[in-house]
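Accompanying notes for the structure given below.
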Amino acid sequence: MSKTSLFENFEPTSEKQWKQRIQFELQGKDFNDTLVWKSLDGIDVKPFYHSNSFSKSPKIEYNSSEWKIGDTVFVNSVEKSNLHALNLIENGIETLYFIIPKELKSLESLLVNIDLSIITIYFETLFISDDFTRILQQYSHNKNSIFYILNDPIRQLSKSGNWFENIKSDIKNLNKILVSGNNLKGVISVDLGLFQNAGSSIIQQLAYTLSQANEYLNLLDLKLIKSIVFKVSVGSNYFFEISKLQALRLLWQSLTKEYGVSINCHIITQPTRRNKTIYDYNTNMMRTTTECMSAILGSSDTIINSAYDSLYHKNNEFGDRLSRNQLLILKNESYFDVVSNPTEGVYFIESLTNSLAQKALNLFKNIEKEGGYLKLLKKGVIQQKIKSHAIQEQLSYDEGSEGLLGTHFQQNFDEIMKNQLELYPFLKQKVRKTILEPIIPKRIAEELEIKRLNNE
């Protein structure tokens, strides 16, 4: 059989020729006004992309086929949490994400019967402790396990307005943890999701995350940092979210290269809460499905899905099973674990990745010129920039240029939710003394939902 290309008899078509043909079909209408739209991030999205319309970016090192299905376990009772974890593993979970509210004296009861040779474990602690790290270190060494402990005192400051103790003590503890946890896969994390859920633009999310990570690179012993875990929230802007994750890896490669070090970028991804709704709640499953797809194609290492009813229901087997099955179907039936880099050669995504990375890099440089993330956070500049974009985004939904299905349009006014609320789904305000204004997550649909509930 001939190996002659099927297209050898066709002349290649340049970007200019495509544009000329489109301009002819528009019959006098302006190309840019008619077909080019500008995102809230200030990026022009064109109707088509050509190989010569952008410069190739450096190759991003990742393998989309190796992503793992994860789930979260909040550790109130050690014994109950262990049983819950075993049930999750039995039903297809590949990584466990334990949230630890207080220090544990031992891990035996929490991890009993878990095969640590194949199950990766993340520990997010609501405290910072060298002693707990030593426990993890010893246990990991004895069991040959894959452990990450997610320490992020700057996130604690950003979200709560206070350090765990103070900057001097927290950074001192973090440096000690780097030593005592040197056999763990990673001991430091940075939370991009906080910015996303508060209403930041994608460019802000990337720049603030990079700037926060840069604070750690300046404050800690570089020689001891093997990996940083980035916690990412993804929204429903499908292609932009794919590109956001790839841009994050690209930016991290660039930053660590400047320091002359090689530090692994490990990404845990969850769907955002910002676009989720309590009315027409089944649409949340459609949102989380596309968001998980973006997370996979974007280069996530672990993906933790959210139940469709997690806003207003306590954890329940039905909701948890559906969210878990979404990922199982994507992996085992939709072949999302087969191709190593399915977006390579997709001109739109590559162009978008380059644009997001460049704009985020420019913003990052401006932040560093102004003194860095911590200085601008203390001044309230970061908070104000996020608020400004969040208001702009909220207006686009309230005025109808954007919209959430079942909430802003196609509403079912016969739907009654007042008696369904097991959890309070709205922003809670708690007065407390802080050293700076915290970054506060808020859902887009909150005000509209409150009005509807009051009218039921």
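Any read-out appearing in this document is the output of simple, stated calculations on the displayed coordinates, not a laboratory observation. Remember, it's a predicted structure, so these values are computed and weren't measured experimentally. When we count neighbours, we look across all protein chains shown, and the Cβ atoms used for this are built from the backbone with ideal geometry, even at glycine.
Please report how far the C-alpha centroid of region 71-126 lies from that of region 253-272, rounded to the nearest whole angstrom.
Result: 26 Å between the Cα centres.
Per residue of region 199-216, what does 6.51 cos²θ - 1.76 cosθ + 1.60 with θ = phi - 60° give for ³J(HN,Hα)? Whole Hz please, x for Gly and Pro, Karplus curve as stated.
Each residue of region 199-216 in turn: x, 5, 6, 4, 5, 4, 4, 5, 5, 5, 5, 5, 5, 5, 4, 5, 4, 5 Hz.
Between GLU422 and LYS223, what length comes free when the chain is fully extended (0.36 nm per residue of separation minus the Cα-Cα distance, one decimal in nm)?
Gain on extension, GLU422 to LYS223, equals 66.9 nm.
Could you list ARG273, ARG134 in order of exposure, starting from the residue whose Cβ has the fewest other Cβ atoms within 10 Å?
Details: ARG273 20, ARG134 15.
Ascending Cβ contact count within 10 Å gives the list ARG134, ARG273.
For ASN9 and ASN76 in one chain, what is 0.36 nm times their gap in residues minus the Cα-Cα distance, to one decimal in nm?
17.3 nm
Take peptides 102-114, 220-232 and line them up by average Cβ neighbours within 10 Å, highest first, as a rough protection proxy.
Most protected by this proxy first, the peptides run 220-232, 102-114.
Choose one of ILE118, ILE135, SER106: the residue whose Cα lies farthest towards the positive end of the charge dipole of region 17-146 (beta-carbon charges +1 Lys, Arg; -1 Asp, Glu; about the Cα centre).
Selected residue: ILE118.
For the chain, give the magnitude of the charge dipole about the Cα centre (Cβ charges: +1 Lys/Arg, -1 Asp/Glu; no others), in debye to the nearest 20.
1380
On a full-extension model of 0.36 nm per residue, what is the gain between ASN144 and SER109, subtracting their alpha-carbon distance, rounded to one decimal in nm? Mind showing how you got there, number by number?
Working: separation 35, 0.36 × 35 = 12.60 nm, distance 1.74 nm.
Length gained between ASN144 and SER109: 10.9 nm.
Contact order normalised by length for region 64-349, with contacts defined as Cα pairs under 8 Å and 6 or more residues apart; what percent is it? Kindly include the intermediate steps, with their values, before the conclusion.
Working: 474 pairs, mean separation 53.7, N = 286.
Relative CO of region 64-349 lands at 19 percent.
What are the GluC sites (Glu not before Pro) within region 277-369 that DSSP puts in a loop, where the Cβ has at most 10 other Cβ atoms within 10 Å?
Qualifying residues, ordered by number: GLU333.
Non-local amide H neighbours of SER227 (under 5 Å, H modeled in plane, Pro and chain starts lacking H): which ones?
VAL187, ASN264
In which sequence would TYR238, TYR139 go, from the one with the fewest C-beta neighbours within 10 Å to the one with the most?
So the ranking, lowest neighbour count to highest, is TYR238, TYR139.
Positive end of the charge dipole of region 64-349 (Lys, Arg +1 and Asp, Glu -1 on Cβ, about the Cα centre): tell me which of GLY70, GLN253, HIS266 has its Cα farthest that way.
In region 64-349, that residue is GLN253.
Going by Cα centres, region 374-407 and region 161-207 are how many Å apart?
Their Cα centres are 23 Å away from one another.
Each label point is 7 Å from the Cα along the Cα-to-Cβ direction; what then is the distance between the points at GLU368 and ARG134, in nm?
Label at GLU368, label at ARG134, 3.7 nm between them.
What list do you get for LYS46, LYS430 if you sort them by fewest beta carbons within 10 Å?
LYS430, LYS46
Run the helix sum for the chain: -39,500 (n - 2.57) per DSSP H stretch of 4+ residues, divided by residue count, reported at 222 nm to the nearest 500 deg cm²/dmol.
Result for the chain, helices only: -14000 deg cm²/dmol.
What ranking do 318-325, 243-250 get when scored by the average of other Cβ atoms within 10 Å per residue, highest first? Intermediate values should be presented prior to the final figure.
Details: 318-325: 17.4, 243-250: 26.1.
Listed from highest to lowest mean packing, they are 243-250, 318-325.
Can you give me the long-range amide H partners of PHE74? Hydrogens built in the peptide plane at 1.01 Å from N, cutoff under 5 Å, separation of 5 or more residues or another chain.
Those qualifying (amide H under 5 Å, at least 5 residues apart or on another chain) are ILE99.
Taking a threshold of 23 Å on the Cα-Cα distance, which of the pairs LYS80/LYS231; LYS59/LYS359; LYS68/LYS185; LYS159/LYS442 fall above it?
LYS80/LYS231
So what are the ³J(HN,Hα) numbers for region 135-142, from phi and the Karplus equation (6.51, -1.76, 1.60; θ = phi - 60°), rounded to whole Hz, Gly and Pro as x?
Calculated HN-Hα couplings, in order: 4, 4, 4, 5, 5, 4, 5, 6 Hz.
Under the Kirkwood approximation for Rh and a Cα-based Rg, what ratio Rg/Rh is obtained for the chain?
We get a ratio of 0.98 for the chain.
Using Cα pairs under 8 angstrom and six or more residues apart, how large is the relative contact order of region 284-385, in percent? Show your work: numbers first, answer last.
Values: 43 pairs, mean separation 18.0, N = 102.
Averaging sequence separation for qualifying contacts and normalising by length gives 18 percent for region 284-385.
Against the longest alpha carbon principal axis of the chain, how many degrees, from 0 to 90 and to the nearest 10, is the axis of helix 347-369 turned?
So the helix axis and the longest Cα principal axis differ by about 60 degrees.
Which ³J(HN,Hα) values, rounded to whole Hz and listed in residue order, are derived for region 234-251 from phi using the Karplus coefficients 6.51, -1.76 and 1.60 in 6.51 cos²θ - 1.76 cosθ + 1.60 with θ = phi - 60°, glycine and proline given as x?
So the Karplus estimates, Gly and Pro as x, are 10, x, 8, 6, 3, 5, 5, 6, 4, 5, 4, 5, 5, 5, 4, 5, 5, 5 Hz.
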